[in-house]
């Protein structure tokens, strides 16, 4: 029997939290190690699909735009054909995000260490709790993890945000996507540091995130 793919949906009601950057880098890492990966770009801005070069170093990565609520149908259609399906949603609550979350195996909630981003993450967590009560999930709760993005390594604000969220019982990845210039530089060409600088610190950060996600998916 063919193994179905793992579906990872990146969602938060706060824009600019690094969803697309994280989605691109996770996909690039898995593609680079030989996994079959698809990104569903469900963000109306289309920042992933607009920069993806199907003839470039990530030509084996499938990227498709689907900013409508039919994203659920597309996910189910893709499940038998990929190891990982990554859904990048818009920075707001809409039917597309809701349908993607209903179909997901794990919701990844990125947040920068700021009050606005924390509020957006908590709002998304509340949405997940609402969806867990719907018949569509069939009594199977949506798993989630929050992840700090664009943080400065070892800063007081990052430690404070992490401490407060963990104290309240929220689940955070220990790994973070630190603020590094390698991400926007690679993104200009739709790539990832794991392609442009595979031995660099950004590539190592992503590898750490992937390793930890493997324990949650």
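What follows draws every value from the coordinates through simple rules; no lab data is involved. None of the values given here were measured: they were computed from a predicted structure. Quick reminder, even Gly has a Cβ in these numbers, built from the backbone with ideal geometry, and neighbours come from all protein chains shown.
For the reader, a short list of remarks on this structure follows.
- Across the chain, the relative contact order, built from alpha-carbon pairs under 8 Å that are at least six residues apart, equals 25 percent.
- Cα gyration tensor shape of region 82-172, rounded if a/c is under 1.5, else prolate or oblate by comparing a/b with b/c: prolate
- Over the chain, dividing the summed -39,500 (n - 2.57) contributions of all DSSP H runs of at least 4 residues by the number of residues returns a 222 nm mean residue ellipticity of -11500 deg cm²/dmol.
- Paramagnetic reach from residue 76 (point 7 Å along Cα→Cβ, amide N under 19 Å) across region 124-140: 131-140
- Listed residues 28, 187, 100, most fluctuating in the chain (Gaussian network, C-alpha, under 10 Å): 187
- Overall form of region 6-213 per C-alpha gyration tensor (a/c, 1.5; a/b vs b/c): oblate
- Sites residue 119 and residue 143 - FRET efficiency at Förster radius 22 Å, r taken between beta-carbons, to 0.05: 0.50
- Percentage relative contact order, region 120-212, counting C-alpha pairs under 8 Å, at least six apart: 23 percent
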